Amino acid sequence: MSICKSFLPNIDKNSEVLILGSMPGIKSLKEQQYYAHPQNRFWKLMGKCCNCKDLAQKIYPEKLKILLKNKIALWDVIATCNRDGSLDSNIENEIPNDIPKLLKKYNIKRICFNGNKSYLSFKKYFPQILEQYNCYKLPSTSPANAKYKPEDLYNEWSKAVVIE
């Protein structure tokens with residue numbers, strides 16, 4: 001079983017939406033980039049939500065800047081865990097990130113969970129925060145969640161992520 005450690009948050013003082021994953025997969029950990037697996041639909045979806053059609057093709061630092069420009073922050077609920085492979089169902093011995101500290105420092109208005117595991121882990125460690133923020137449990141962008149077509153993902157995600 002491998003020890004997995006999440007990344008630092010991508011956030012700034014203008015961020016209003018916080019997207020929380022569970023723990024980056026093997027490819028993301030190897031590349032040290034959020035959602036690095038080429039079949040993960042996160043960057044294509046964010047491109048549509050941020051009105052930046054070629055977001056998925058941009059270099060990683062540019063992707064992060066575009067999210068911030070759209071007031072979207074990115075982090076994971078889990079700081080460290082043990083896991084074989086990339087599946088959330090294989091996560092063991094999880095330790096959460098200090099999300100309450102992050103929320104005190106920044107002006108986040110909405111919290112979005114990329115999939116069920118991020119939501120369940122958040123609910124386990126920070127149930128009181130669920131009542132204090134507008135929270136959205138969204139379908140995972142993972143290729144393992146093939147039952148959601150790209151247009152269905154966009155319909156769900158855009159309601160929570162796009163700032164009018």
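The values are calculated or read from the model by the stated rules, or taken from the named source; none is laboratory data. Here the structure is a predicted model, which is why all the values come from computation and not from measurement. With ideal geometry, Cβ positions are generated from the backbone for all residues, glycine too; neighbour counts draw on all protein chains shown. Only protein heavy atoms, including side chains, enter the accessible area calculation; ligands, DNA and RNA are left aside. Shrake-Rupley method; radii C 1.70, N 1.55, O 1.52, S 1.80 Å.
Put simply, when 77-83, 119-125 are sorted by average Cβ atoms within 10 angstrom per residue, most first, you get 77-83, 119-125. Peptide packing: for 31-42, 92-103, the average count of neighbouring Cβ atoms within 10 Å per residue gives the ranking 31-42, 92-103, highest mean first.
In the calculated pair distance distribution of the chain, what percentage of Cα-Cα distances lie above 19 Å? Summing the P(r) of the chain above 19 Å gives 51 percent of all pairs.
Amide H to amide H distances under 5 Å link G115 with L138, S140, where only residues 5 or more positions off or on other chains count and H is placed in the peptide plane. Structural descriptor for the stretch 50-164: relative contact order 21 percent, calculated from alpha carbon pairs under 8 angstrom and at least 6 residues apart. The aspartates and glutamates whose alpha-carbon is closer than 20 Å to the alpha-carbon of K71, local same-chain residues fewer than 8 away aside, are D12, E16, D54, E62, E156, E164. Report summary: the helix-based calculation at 222 nm, which adds -39500 (n - 2.57) for every DSSP H run with n ≥ 4 and divides by the residues of the chain, gives -10000 deg cm²/dmol. Surface composition of the stretch 23-164: carbon and sulfur make up 49 percent of the accessible area, probe 1.4 Å. Extension gain for N14-K149 works out to 45.5 nm (0.36 nm per residue, less the C-alpha to C-alpha distance). In the structure shown, the pairs K13/K53; K109/K149; K65/K149; K105/K147; K104/K147 are assessed against 32 Å; a Cα-Cα span above that value is assigned to K105/K147; K104/K147. Cα centroid separation, the stretch 150-164 to the stretch 109-131: 18 Å.
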